[in-house]
């Protein structure tokens with residue numbers, strides 16, 4: 001239950017729909033920005049339609065299934081979103097958590113900045129988070145570099161050999 005007495009249930013169909021749409025729209029946005037490949041409107045629609053089936057089986061209802069439906073849904077949800085003390089506390093925990101290991105610190109910062117960069121401008125403003133134009137460009141370049149390394153490590157990693165045969 002939140003401060004105003006609204007009960008919270010993780011199984012609430014409307015909440016499940018919100019979580020599904022928010023994550024899938026961000027997954028698509030990050031793929032389009034960082035994979036540097038063109039995904040046709042038809043393939044994007046396939047992605048949203050296919051992932052909607054998973055959400056439906058988990059209990060979500062009235063799930064948008066096209067890029068335009070997703071955009072319309074997210075816009076319609078804006079008036080219901082709020083940034084309060086709890087929201088700012090969660091953001092602060094995410095932003096200030098130190099990852100173990102020296103190399104993980106800069107990579108973690110880049111990934112956090114990439115997450116901020118993917119937020120719509122109105123959400124960045126709501127949360128009081130923003131990147132300078134230089135931070136934005138640097139973050140995008142660094143994510144592309146990190147992504148290449150991660151793709152290569154997954155493609156050539158130790159878990160591949162047992163799966164290959």
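Does residue 128 meet the test of being modelled with pLDDT of 90 or more, outside the structural domain of residue 29 (by TED's automatic domain parsing), on the phi > 0 side of the Ramachandran plot and loosely packed, with under 12 Cβ neighbours inside 10 Å? Don't jump to the end; show me each part of the working.
Numbers: modelled with pLDDT of 90 or more: yes; outside the structural domain of residue 29 (by TED's automatic domain parsing): yes; on the phi > 0 side of the Ramachandran plot: yes; loosely packed, with under 12 Cβ neighbours inside 10 Å: yes.
Considered against the rule, which asks whether it is modelled with pLDDT of 90 or more, outside the structural domain of residue 29 (by TED's automatic domain parsing), on the phi > 0 side of the Ramachandran plot and loosely packed, with under 12 Cβ neighbours inside 10 Å, residue 128 comes out as yes.
Checking residue 128 against (1) under 22 Å from residue 28 (Cα atoms); (2) in contact (Cβ under 8 Å) with a residue 24 or more places away in the chain, which test does it fail?
The one condition residue 128 does not meet is (1).
Select, from 23, 42, 75, the only residue that is over 27 Å from residue 133 (Cα atoms) and not assigned by TED's automatic domain parsing to the domain that holds residue 137. Show your work before the answer.
Values: 23 fails: over 27 Å from residue 133 (Cα atoms); 75 fails: over 27 Å from residue 133 (Cα atoms).
Checking each option against the conditions leaves just 42.
Got a sec? Which helices (runs of 4 or more DSSP H) wholly within region 1-100 have at least 1 residues that are over 25 Å from residue 122 (Cα atoms) and more than 18 Å from the chain's Cα centre (by Cα)? Break it down into steps so the answer makes sense when it comes.
Working: elements: 13-34, 41-58, 67-77, 85-96.
Because the criterion is at least 1 residues that are over 25 Å from residue 122 (Cα atoms) and more than 18 Å from the chain's Cα centre (by Cα), the helices (runs of 4 or more DSSP H) in region 1-100 that meet it are 13-34, 41-58.
Check region 93-103 and report whether any residue there is under 24 Å from residue 6 (Cα atoms) and touching a residue at least 12 places away in the same chain (Cβ under 8 Å).
No - not one qualifying residue is present in region 93-103.
Would you tally the residues in region 18-51 being farther than 25 Å from residue 117 by Cα and surrounded by 15 or more Cβ atoms within 10 Å (Cβ to Cβ)?
Number of matching residues: 0.
The values are calculated or read from the model by the stated rules, or taken from the named source; none is laboratory data. This is a predicted model, so every value here is computed, not measured. Glycine also receives a Cβ, built like all others from the backbone with ideal geometry; neighbour counts cover every protein chain displayed.
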